[in-house]
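One structure is given here, and the rest of the page talks about it.
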Amino acid sequence: MTELGICLVTMPWQTLDLPSLPLGLLTTVCREAGRAGPDNYHGNLRWAEFLFERTGGEIGPADYVEVAENGIFQGIGDWVFTGVLHGNDFGRTTFADYVRRHEIDPGRAVDMRAYAEEFVDRAAREILDNEPDVVGFSTTFMQNVPSLAVAARIKRYAPSVITVLGGGNCDGPMGAALHRNYSFVDYVVRGEGESVFPALLDAIERGEPPADVPGVCWRRGETSVANADRRHPLPPGRIPVPDFDDWFDHLENSPLEGYIEPKLVLESARGCWWGEAHQCTFCGLNGSLMQFRSKPPRRTVDELTGLVARHRTLDVIMVDNIIDNHYFTDVLPELAALDWDLRIHYEVKANLTRAQIEALRAARVAHVQPGIESLSTRVLKIMDKGVDALRNVRTLRDCESAHLSTTWNLLYGFPGEADEDYWPVIDQVPALVHLQPPSAASPILLERFSPNFDRPELGFARRAPAAIYRHVYDLPQRELADLVYLFDTDAAGIRGPVVEALHQAIEDWEKRHHDSTLVRFESPDGIGVRDRRSGWPERDHRIEDPVLVAAYHQLEHGRSARAIRDRLTDEGLAITGPRLAAWLDELDEAGLLFRDGDRYLALATTDVPMRIRT
């Protein structure tokens, strides 16, 4: 029996500076199963190279990145290729109307679309040059249409070549819809591919239908069959070490090499331990596999250090949805002990302690995504986030002190929220300008697999495939309802003046942050707070009374006036209620506190990180 020739493909809009984790994992899986190869085709790099060469550098990597990072919620990346899949004129008028109505700048997407047909043809021919028997596409977010376009072209040129799609876009009903609507796709793998893909290859090699392979979509004659998904989440011990050799070799010989700073992408866990018990109402990112699984600490350290050494790359993006809490006491200290000049990214829960933040920084974690989402305690409860506003602000403050870069979004539009949940936050934003601002203030989207989607009683009873898909897929609404990830629904929550004020406050925060500092320092005779925030008078505050010094230390945790007095009493110190209230009012007037109900949090950081204006 001749061994199957396999080619694994990642298409635009996979980010340029990271290898594809799915391709790296499946490459290892195939080799561990004793299969030769497989070949990897880095269609994202080839597309960026193609544009760069065909336009003489006029459309460069930065233009690719603009679409890849900012086009997902408008379907821009898929639209670039949809003319190849559905006919040259499809989606042009609809897209032009959409971007005009929503005042969206599509960047160079319109120019890119003119080159899509030629590139798809070239990509198909390049893939076929190695004479594969099976071509597997990994598709997530805006990779669907580029992948489908190339798969269709492969089938045109080589009908006997077997095409397979897998990845996040194939989870649940989405994969079944892809398979039944695009007949040139032979198989769809739903869920984690490490166990399903090898079983599918075995069935293909035997010439048998994969009727017993869980979750696979296949054809019985002309009928699309979606196997029941009886699989269990892949145990962490079976998650392989990704093989990125081919990607680094490609980049080293690419004309884009000088434009791209390569990073490693790794995972130490899958699923979400918080989501298992309290899935955030708006989040659908874990799809059908919420169960949390993390790799043993020793293996996590060995994989990270081994790949860093192999590829001589110090930037490491951990794609875990949430860090395992045990890693703060086992993995992170080991990484800290290495004293390597790493720059690691991790997603974390927002209720970090100072000790955890210090552990992250000592391990050379440079960037965190803490899932803050709101600075209103009531809205956070609606989200089922498990934190309150003071804790979120405290995390921002302590990350700033530790020189940890944070990325977060401020979300609104939740059923049951009200204007009064936001006005106190808006009023206090000027006091927060020394802390890292959100990337944006945005209304939530209705995502498949989220509680908001699965439970209409939460407030989103009406739903329809998002309008963006009208310029992406030439399919009826009933099919889009199974195929797509984002849905339109009736607006909920705040609107009108409070939304405008919120956006203006965030815009001002972004403008003022770079030049703003509020730093607390201690000396033998008390506490000093140096205020150099944009929009505030330059002031140096002094707190020398030992009772007030102790009270300020309590404010750094976030306390009510009553809790402060109780804590001071425990320390053998006393302060009257009126005196404490007057002092808190004084600090509040100076913008040194964040208020949430009857509780207060001191806002001054203990250090100031270096800031680079972007």
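Apply 1/(1 + (r/R0)^6) to the Cβ-Cβ distance of residue 590 and residue 70, taking R0 = 56 Å, and write down the FRET efficiency to the nearest 0.05.
Values: r = 38 Å, r/R0 = 0.68.
It comes to 0.90.
Using a 1.4 Å probe and ignoring any ligands, DNA or RNA, find the accessible area of residue 412 and quote it in Å² to the nearest 10.
Near enough 20 Å² of accessible area.
To the nearest 20 Debye, how big is the dipole of segment 565-614 about its Cα centre, given +1 on the beta carbon of each Lys and Arg and -1 on that of each Asp and Glu?
Working: 7 positive and 10 negative charges, 52 e Å.
In debye, rounded to 20, segment 565-614 gives about 240.
Magnitude of the Cβ-charge dipole of the chain, K/R +1 and D/E -1, about the Cα centre, nearest 20 debye?
Details: 65 positive and 94 negative charges, 190 e Å.
It works out to roughly 920 debye.
Shape call for segment 201-337 from the C-alpha gyration tensor, a ≥ b ≥ c root eigenvalues: rounded (a/c under 1.5), prolate (a/b greater than b/c) or oblate? Write out the running numbers ahead of the final one.
Numbers: a/c = 2.14, a/b = 1.31, b/c = 1.63.
Since a/c reaches 1.5 but b/c is at least a/b, the shape of segment 201-337 is classed as oblate.
Let me have the 222 nm mean residue ellipticity of the chain computed from DSSP H runs of 4+ only, each contributing -39500 (n - 2.57), with the sum over all residues rounded to the nearest 500. Mind showing how you got there, number by number?
Values: 23 runs with 249 residues, N = 614.
One gets -12000 deg cm²/dmol as the mean residue ellipticity at 222 nm.
Using a 1.4 angstrom probe on heavy atoms only, work out the carbon and sulfur share of the accessible area of segment 42-196 in %.
Details: 2610 of 5700 Å².
C and S atoms contribute 46 percent here.
Leaving ligands, DNA and RNA out of it, work out the accessible area of residue 511 with a 1.4 Å probe and give it in Å² to the nearest 10.
Accessible surface of residue 511 is approximately 130 Å².
Rounded to the nearest percent, how much of the accessible area of segment 467-614 (1.4 Å probe, protein heavy atoms only) is carbon and sulfur?
Ligands and nucleic acids excluded, carbon and sulfur reach 48 percent.
Sort 77-85, 335-343, 58-66 for me by packing, meaning the mean count of neighbouring Cβ atoms within 10 Å per residue, highest on top.
Values: 77-85: 26.6, 335-343: 14.8, 58-66: 17.6.
Result, highest mean first: 77-85, 58-66, 335-343.
Carbon and sulfur atoms: what percent of the 1.4 Å accessible area of segment 232-286 do they account for? It would help to have the intermediate numbers written out before the result.
On the way: 1280 of 2520 Å².
Summing carbon and sulfur atoms, their accessible area is 51 percent of the total for segment 232-286.
With a probe of 1.4 Å, find how much accessible area the chain has per residue, and write the answer as a whole number in Å². Write down the numbers at each step before the final one.
Working: 25880 Å² over 614 residues.
Accessible area per residue, the chain: 42 Å².
Give the residue from 442, 483, 426 lying farthest towards the positive end of the charge dipole for segment 416-528; charges sit on Cβ (+1 for Lys and Arg, -1 for Asp and Glu) and the dipole is referred to the Cα centre.
Ranked along the dipole, the leading option is 483.
With every protein chain left in place, what is the accessible area of residue 525 in Å² (1.4 Å probe, nearest 10)?
Around 80 Å² of this residue is reachable by solvent.
Ordering 367, 557 by accessible area with a probe of 1.4 Å, largest first, what comes out?
Numbers: 367 50, 557 85 Å².
Result, largest first: 557, 367.
The values are calculated or read from the model by the stated rules, or taken from the named source; none is laboratory data. All of these numbers come straight from a predicted model, not from anything done at the bench. Cβ coordinates were reconstructed from backbone atoms using ideal geometry, including for glycine residues, and neighbour counts include every protein chain displayed. We work out accessible area using only protein heavy atoms, side chains counted, and drop any ligands, DNA or RNA first. Shrake-Rupley method; radii C 1.70, N 1.55, O 1.52, S 1.80 Å.
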